[in-house]
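What follows draws every value from the coordinates through simple rules; no lab data is involved. Nothing here was measured: the structure is a model prediction, and the numbers come from that model. Note: ideal-geometry Cβ built from the backbone for every residue, glycine included; neighbour counts use all protein chains shown.
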Amino acid sequence: MSKIAILDTAISPGRLHCQKFHACNVCREEGVGEHLETSHGTICARILDSFTSGYELYSIQIMKSARSKTEKPMGDVRHFKEGLLLCLELGVDIICMSAVSSLLSDSGVLYEITRKLAQKSILVAALDNRRYVTVPTAYPFVTGVQSDEKNCLHPGELAYDETDLFCAGLYANCDTTLLAELGCAPSNSFAVPAAAARMHDWINEGRQVGEELLRLRPYPAREIEEEISFKRGLGLYRELPLAVLVSAEENEAYLACRAAMDALHAKYQVQSAALCSMDAGTDVRFRKRGFAGNWKQEILFMECCYKADLVFLVVSKEEQKFAMEQVSADLKAEICKDHVRISFENGCQTGRAEDLADMMYQILQ
């Protein structure tokens, strides 16, 4: 019998058929609200329950309950981390995370505990419902999930696309009669418990979850142009300031970029994303070039699908001429050892490389 945790709002266990139920509250909410039967957490639990059986459920409340059915519950990333720490302590087998974050800076809070948990547990997390790059969903050791929006699957069925642009390549059909009864549409959030239910069944049958995912039928995922059109259709696209960062060696430019991004957030609460030729590993703020036809298209995708205030394009000196021909940059910062020269529309400034974030912030105001 697997231990399954749902990190979400409080859950009402009245209509569940789990073998055991445990309620844990890490957000320290005094009341549970008047709509617990239709809370987001309860709906997730009932979807899980409709697709599997014979499990032990841990309700880990990381968000305060909504005061009405239509109110969207909001959380604190510190409570999210506390919930993950509790999962580690409890030895949970499968962790369902429908409540996730599209704030790239939250990765600094969630990464380490998520990495530790992944060594012992199966982590299942939703893609943001508005299709922004999401943490912890985007980590390579987390199974990212989204809903079967094209209605290609039967309820409870899964499909897989390992090339998904958001690292959320598992698709699940969560379209149960429960959602219809409650007047709720299928969503990425509700796809998570549907996926977790199948994983629980695989574990009970002695199968390896990773191997089973690769055996799933492929899913006809969206192309990059569709993602951009989707955001524009919702009115979510906005052109962001673009900074081209240049150094003799791209690794030097990458390190300078990462330091500037950290400082911009720490000092000015500016969220940044970056496009580079290197594999930045676990830093979800960076994306490796080459996933679309050209740099301009890739920058456009990042403007649409990263919840950022600023985008960097990191290049070597050999690439800078090509870069400036490909994209329309608001400024160019050239790193030379301990110094930086910033060129922009109204002139240029020079200074210490360690002051790059402060200089950029002042220029872009």
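With the charge dipole of the chain set up from +1 on Lys and Arg Cβ and -1 on Asp and Glu Cβ about the Cα centre, the Cα lying farthest toward the positive end among the listed residues L170, A248, A221 is that of L170. Each peptide in 128-141, 323-336 gets a packing score, the mean of other Cβ atoms within 10 Å over its residues, and the list from highest to lowest is 128-141, 323-336. Relative to the longest principal axis of the Cα atoms of the chain, helix 188-204 runs at roughly 60 degrees.
Using Cβ point charges alone (K and R +1, D and E -1), the dipole size of the range 115-168 about the Cα centre works out to roughly 380 debye. With springs only between Cα atoms under 10 Å apart, run a GNM on the chain and tell me which of H79, H154, H40 wobbles the most. So, out of H79, H154, H40, the one fluctuating most is H154. Cross-link partners of K288 among lysines, defined as those whose alpha carbon lies under 19 angstrom from its own and excluding same-chain residues fewer than eight positions apart: K296, K307, K317.
For the range 3-221, the number of Lys pairs separated by eight or more positions or lying on different chains, with C-alpha atoms closer than 13 Å, is 4.
Solvent-free Debye calculation, one equal scatterer per alpha-carbon of the range 218-362: log10 I(q)/I(0) at 0.13, 0.15 Å⁻¹ equals -0.55, -0.73. Around the Cα centre of the chain, unit charges on the Cβ atoms of Lys, Arg, Asp and Glu (plus for the first two, minus for the last two) sum to a dipole of about 360 debye.
From helices alone, the chain scores -10500 deg cm²/dmol at 222 nm; the rule is -39500 (n - 2.57) for each run of n ≥ 4 DSSP H residues, then divide by the residue total.
Translational diffusion of the chain was estimated from the Stokes-Einstein equation, with Rh taken as the Kirkwood radius over Cα pairs; at 20 °C and 1.002 mPa s the coefficient is 99 µm²/s. In the chain, a dipole from Cβ-located charges (positive for Lys and Arg, negative for Asp and Glu) runs towards its positive end, and of H339, A197, Y160 it is A197 whose Cα lies farthest in that direction. Extents of the range 118-203, largest first, come to 37, 30, 21 Å (Cα atoms, principal axes, whole angstrom). Result for the chain in a Gaussian network model with C-alpha springs under 10 Å: among R258, R238, R198, the largest mean-square fluctuation is at R238.
Across the range 3-221, the relative contact order, built from alpha-carbon pairs under 8 Å that are at least six residues apart, equals 19 percent. Note on the chain: with a GNM built from Cα contacts shorter than 10 Å, the maximum mean-square fluctuation among L127, L234, L242 falls on L234.
Taken one residue at a time, the phi angles of the range 237-246 give Karplus couplings (6.51, -1.76, 1.60, θ = phi - 60°) of 7, 9, 6, 9, x, 10, 10, 8, 10, 10 Hz. Gly and Pro are set to x.
Toward the positive end of the charge dipole of the chain, with +1 on the Cβ of Lys and Arg and -1 on the Cβ of Asp and Glu, the farthest Cα among S328, L264, F291 is that of L264. About its Cα centre, the dipole of the range 242-364 is roughly 160 debye, where the only charges are +1 on Lys and Arg Cβ and -1 on Asp and Glu Cβ. With an a/c value under 1.5 for the gyration tensor axes a ≥ b ≥ c computed over the alpha-carbon atoms, the range 7-158 is described as rounded. The angle between the Cα long axis of helix 40-51 and the longest principal axis of the Cα atoms of the chain comes to about 60 degrees, rounded to the nearest 10. The order of the peptides 305-313, 179-187 by mean Cβ neighbours within 10 Å, most packed first, is 305-313, 179-187. Helix 250-268 and the long axis of the chain differ in direction by around 70°, with both axes built from C-alpha atoms.
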